[in-house]
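The values are calculated or read from the model by the stated rules, or taken from the named source; none is laboratory data. Being a predicted model, the structure only gives us computed values, none of them experimental. Please note: Cβ atoms are built from the backbone with ideal geometry, for glycine as well, and neighbour counts cover all protein chains shown. All accessible areas refer to the heavy atoms of the entire protein, side chains included, with ligands and DNA or RNA removed. Shrake-Rupley method; radii C 1.70, N 1.55, O 1.52, S 1.80 Å.
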Amino acid sequence: MEIYPAIDIKDGKAVRLFKGDYDKVTEYSDSPLSVAESIKAVGAKNLHIVDLDGAKDGILANFDTVKSITNKCGLFCEIGGGIRNEERIEAYLACGVRRVIIGTAAIKDPAFLERAVKNYKGYVAVGVDANEGKVAVDGWKTVTDVDSYEFCGRLRDKGVETVIYTDISRDGTLSGTNMDAYKELGKIKRLNVIASGGITYIDEIAKLKEMKVYGAILGKALYEKKLDLKEAIKVAKC
């Protein structure tokens, strides 16, 4: 199983939100690049980046920050937030990002998603953010009536290879992740599922691995020192 330490960027700083609430921000560093370098130093190979400004406003406000990370760290970087047209996909891939994550646009612009999957295949993933089992969009501000599990199945049928599934109610809470969600998603064959939201304990890494979850995103638990990244990587690989 792959481990993806997370850096959420807002106003050029590394932060975390509580349940996706932009009014409940904890700032951890003025330098996301320094955070990325420290993550690499303990043996991480991957990095999950979220442009929170992009997710909320649909603009690439933190592009230069992302570019500095991809150019200097040599990690497998995936990024989501504000990716709503092919020009943005091209820009990110050109600057060294290895996978772009389409979120809101996967719901609002299915034709764009289909073009992206056709043209970029494995370089494109979809972020499915769920609130009580329903898909949320626009930086988690709007909850649709779309069932999140059924949506993941439809994404697989459209050729999407990888889904990042986040339970918003767990994200940033240090309360543990929604294991039942990943059991349900495990029923969808030929879909790589990356778990996100609330992962706090080392035994959760082991359980997700046993469930054959493809990857796990670690965020606040690392910053608050509830989880040791080096140990999490070891458990995921053993």
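Points to keep in mind about this one:
- Solvent-accessible surface of the stretch 129-238, taken per residue with a 1.4 Å probe and all protein chains present: 48 Å².
- Computed magnitude of the charge dipole of the chain (debye, nearest 20; Cβ of K, R +1, Cβ of D, E -1): 800
- More than 29 angstrom apart: percent of Cα pairs within the chain: 18
- Under a 5 Å amide H cut-off, with hydrogens placed 1.01 Å from N, Thr166 pairs with Val128, Asp129, Ala130 among residues at least 5 apart or on other chains.
- For the stretch 119-167, applying the loop criterion from DSSP together with a ceiling of 14 other beta carbons within 10 Å to the trypsin sites (Lys or Arg not before Pro) yields Lys141, Lys158.
- Simple point charges give the picture: +1 on the Cβ of Lys and Arg, -1 on the Cβ of Asp and Glu, and for the stretch 1-139 a dipole about the Cα centre of about 440 debye.
- Per-residue ellipticity at 222 nm, computed for the chain from helices alone with -39500 (n - 2.57) per DSSP H run of at least four residues, works out to -10500 deg cm²/dmol.
- Flagged links, alpha-carbon separation over 28 Å, of Lys40/Lys220; Lys118/Lys212; Lys158/Lys230; Lys40/Lys237; Lys45/Lys209; Lys187/Lys237: Lys158/Lys230
- Within the stretch 195-238, GluC sites (Glu not before Pro) in DSSP loop having at most 14 other beta-carbon neighbours inside 10 Å: Glu224
- Trypsin sites (Lys or Arg not before Pro) restricted to the stretch 164-238 and DSSP loop, no more than 14 other C-beta within 10 Å: Lys187, Lys189, Arg190, Lys212, Lys225, Lys226
- Think of a 1.4 Å ball rolled over the protein heavy atoms: the stretch 1-114 then has 41 Å² of accessible area per residue.
- Local electrostatic count, Ala91, Cβ distance below 13 Å [Lys/Arg +1, Asp/Glu -1]: -2
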